[in-house]
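Here is the structure we will look at, set down as structure tokens.
Read-outs throughout are calculated quantities, based only on the coordinates presented, and are distinct from any laboratory measurement. In this text, all values refer to a predicted model and were calculated from it rather than measured experimentally. Cβ: placed from backbone, ideal geometry, glycine included. Neighbour counts: every protein chain shown.
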Amino acid sequence: MALVYGEALMKHHLSDQHPLQPIRVKLTMDLIRSTGLIEHCELLPPRLATDQELELVHSPEYVDLVRKLSDPAQRRKLSHGRIEAAGFGSADNPISNELHEGTALVVGATLVAAQAIESGRALHAFSPSGGLHHAHRERASGFCTYDDPAVACRWLKNQGHRVAYIDVDVHHGDGVEGIFYSDPDVLTISLHESGRYLFPGSGFPEDAGIGSARGAAANLPFSPFTWDDPWLEGFDKVVPALLRKFRPTVLVTQDGCDTHYLDPLAHLAATTRIWPHVGRTFHELAHELCEGRWLALGGGGYAIYEVVPRAWTLFFAEMVERPDLAADINDPSTVVPDEAAQERVWLSLKQDLRRLGEAHDMDFG
Ligand SMILES: [Zn+2]
Ligand SMILES: [Zn+2]
């Protein structure tokens with residue numbers, strides 16, 4: 001089991017007011033240390049991704065633009081239109097001097113984890129700073145500049161793998177899905193709050209891939225106020241069945257924890273109590289289908305102090321099979337909305353599972 005982290009990742013800092021603060025990964029590391037879980041893994045340092053690696057999914061022009069944006073002297077020569085077209089200069093994706101290096105380091109960290117698995121150094125690997133799933137081939141979006149999950153999936157595919165990417169972040173994993181939407185060798189599954197209510201506004205059950213990749217993308221949206229029980233029911237009905245049908249040789253999971261009821265950017269009502277189950281299920285499926293190969297990434301999570309360190313430590317405890325060491329930090333109870341909201345949540349889950357079944361010729365009922 002490998003865990004990739006180093007203080008250099010604090011460079012992945014977009015601005016002082018930005019919700020994506022690297023301290024959330026550091027706080028997670030602190031909790032993984034103080035629970036003693038750190039003793040059960042090998043800690044590996046991150047490295048910078050090379051341009052060639054970034055260009056596994058991004059265009060050379062885009063990588064060049066990000067590099068120039070990160071240099072104050074070069075930045076002045078770029079036209080406002082070009083900067084805006086590439087998704088930069090907004091509150092979500094501010095420009096800074098660390099932009100290129102900070103995010104290339106996140107991609108490098110995720111690749112260190114992927115390579116540890118591929119070389120046999122580790123069966124499972126966790127890159128908690130990774131999971132930047134909204135970046136597109138030529139455009140930054142939703143706090144994401146370079147798409148580390150997509151780079152890792154493409155790299156693993158190039159090693160000969162059939163890759164299954166499962167994204168449980170509260171936001172649709174649109175960047176990764178878009179990059180592999182016509183690739184039959186990479187399955188993308190995203191469970192998220194419905195695009196009717198939340199950024200990026202996409203990811204409906206009918207969106208299932210195109211051409212020979214029809215069926216290699218799957219989306220399960222959730223209604224606002226979805227709490228632990230319906231969330232877990234959707235997860236259990238969809239994830240194992242799709243994976244067993246696809247037969248991957250490696251799992252890549254994006255484990256954003258912004259599904260929590262305290263998260264300030266979304267409207268689901270899950271607690272940290274979903275995390276031991278999510279971690280255990282991925283772990284079992286990795287052994288059942290992929291000889292154990294499992295690359296886990298972080299992702300969203302903006303209740304930096306209240307939620308993120310606990311959610312990811314509970315998840316990590318399942319990766320190293322020591323849930324006992326994290327049991328005390330779980331939320332003490334679930335948070336259930338009133339009856340009218342419960343009915344709405346169950347009804348829309350039922351409808352979306354039916355629509356997903358129709359899109360995939362499967363029965364998720
Ligand atoms: Zn294992
Ligand atoms: Zn998110």
With 0.36 nm assigned to each residue of separation and the Cα-Cα distance removed, residue 18 to residue 214 gains 66.9 nm
How many Lys pairs in the chain lie less than 26 angstrom apart by Cα atoms, where the lysines are 8 or more positions apart or on different chains? 8
With the label point 7 Å along the Cα-to-beta-carbon line of residue 358 and a cut-off under 19 Å to each amide N, the hits in the stretch 220-243 are 220-223, 238
Is the shape of the chain rounded, prolate or oblate, going by the alpha carbon gyration tensor and its root eigenvalues a ≥ b ≥ c, with a/c under 1.5 for rounded and a/b larger than b/c for prolate? rounded
Can you list the chymotrypsin sites (Phe, Trp or Tyr not before Pro) in the stretch 239-333 that are in a DSSP coil and have 12 or fewer other beta carbons within 10 angstrom? 305
Tally Lys/Arg at +1 and Asp/Glu at -1 over every other residue whose Cβ is under 12 Å from the Cβ of residue 33; what's the total? -1
Could you work out the relative contact order of the chain, using alpha carbon pairs under 8 angstrom and six or more residues apart, expressed as a whole percent? 18 percent
Cα centroid distance between the stretch 119-164 and the stretch 287-365, in Å? 20 Å
Antiparallel DSSP beta bridges within the chain, percent to nearest 5: 5 percent
